[in-house]
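The values are calculated or read from the model by the stated rules, or taken from the named source; none is laboratory data. Owing to the predicted nature of the structure, the values given are computational and were not obtained by experimental measurement. Cβ placement follows ideal geometry from the backbone for every residue including glycine, while neighbour counts extend to all protein chains displayed. Heavy atoms of the whole protein, side chains included, go into the accessibility calculation; ligands, DNA and RNA do not. Shrake-Rupley method; radii C 1.70, N 1.55, O 1.52, S 1.80 Å.
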Amino acid sequence: MASNQAPPAQQQAPAPLVQTSVIQNAVRQIVHEAGGASNSKGVSSRFLGPKLREKLQLPQFSLETSLRKCLEPLADLRIDQRFRQWFVVDAAAPVLPRPPRAPRAPRQQQQQQQQFAPQQYQQQQYAPQHFQQQQHYAPQQFQQQQQQQAPRPPKQPRQPREPQVPPLPHIAEAKLVELAITLPVQTAPAGNYVPLVRSGNMLFTSGQIAKNGDTVVHTGSVDDSKLDEAVHAARLCTLNCLSHLKSYLGSLDRVQQIVKVTVFVASAAGFAKQTQVGNGASDFLVQIFGERGRHARSAVGVASLPLNSMVEVEMIVSVRRGSGGAGAAASGAASSTSAAPPTNTSAAH
């Protein structure tokens, strides 16, 4: 049956024991090779071991006693102790004199420096007295000032400052006056909806058709022969959207950006120029608002629209926070989403 036990580790052979006489002869040869009687320094104990192993050709060896005790009985060799090492020297070599210690720095300067600090501190004892005089003087002066001054009113809590936003350029209202454009009259919605809803700083308008008051001006499907009429219809729908925005904001100059415009075109079979119809709304917005009127857009062809209108337009507009009119006041400024009241407004459908 095979055993699972590991074989025992091989024990290292002990170092051979070298006789004292052999060591003494080897050390004599090492000292003689180093200079003998002419070398007063001798051989350091730090390098004596490696030289012995080299001379005896033994990687390791052991002695009956220590190496120093082995060499002390010899008359022809001398052991000199220097600092932390000892040296083996030929007995005939002259003894090296012990180097004198370096003189220490005089302590008088240190004592003077140590004695100067207390004297200097004693000379500066006037400072606490001067501080005490100021300490006695300050409360009296403070009490006199307190008696002369009137009681301070209680501090009021600071109100958070609103970030200062540079005002928008007033170009939209001035442009309407310059072009002699009058916004259409608003009437009540024809369904269960509101013409405009606010969420944060975004305003979403309902779809507005080509209607002036209660009359739909441009009706029917759009083909190539009615392209110019459809462009004017898109412009009229945009005017209806702006009319609701002004009713809510109080001024079109509060509009920060026209974000998105969607144009629905009642298209006849084979009509594919919905983008040209949408240009009627886009060009008009850029003319009124400038760079703030540039927007994203979708132009969609449909089979028919409410009340047989040619075009329907809806818009998404961003305004500065804090901007609002009757719609914001009616729904409350604390609400994140507000809708304009349905009264005194016109309907798209």
Expected sort for 54-63, 275-284 on mean C-beta neighbours within 10 Å, highest first, is 275-284, 54-63
D (µm²/s, integer) via Stokes-Einstein for region 32-78, Kirkwood Rh across alpha-carbon pairs, 20 °C, 1.002 mPa s: value 177
Expressed in square angstrom to the nearest 10, the accessible area of D228 with a 1.4 Å probe stands at 110
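Can you pull the semi-axes for region 253-325, root of five times each eigenvalue of the Cα gyration tensor, sorted largest first, whole Å? Kindly include the intermediate steps, with their values, before the conclusion.
Numbers: eigenvalues 148, 35, 15 Å².
Output for region 253-325: semi-axes of 27, 13, 9 Å.
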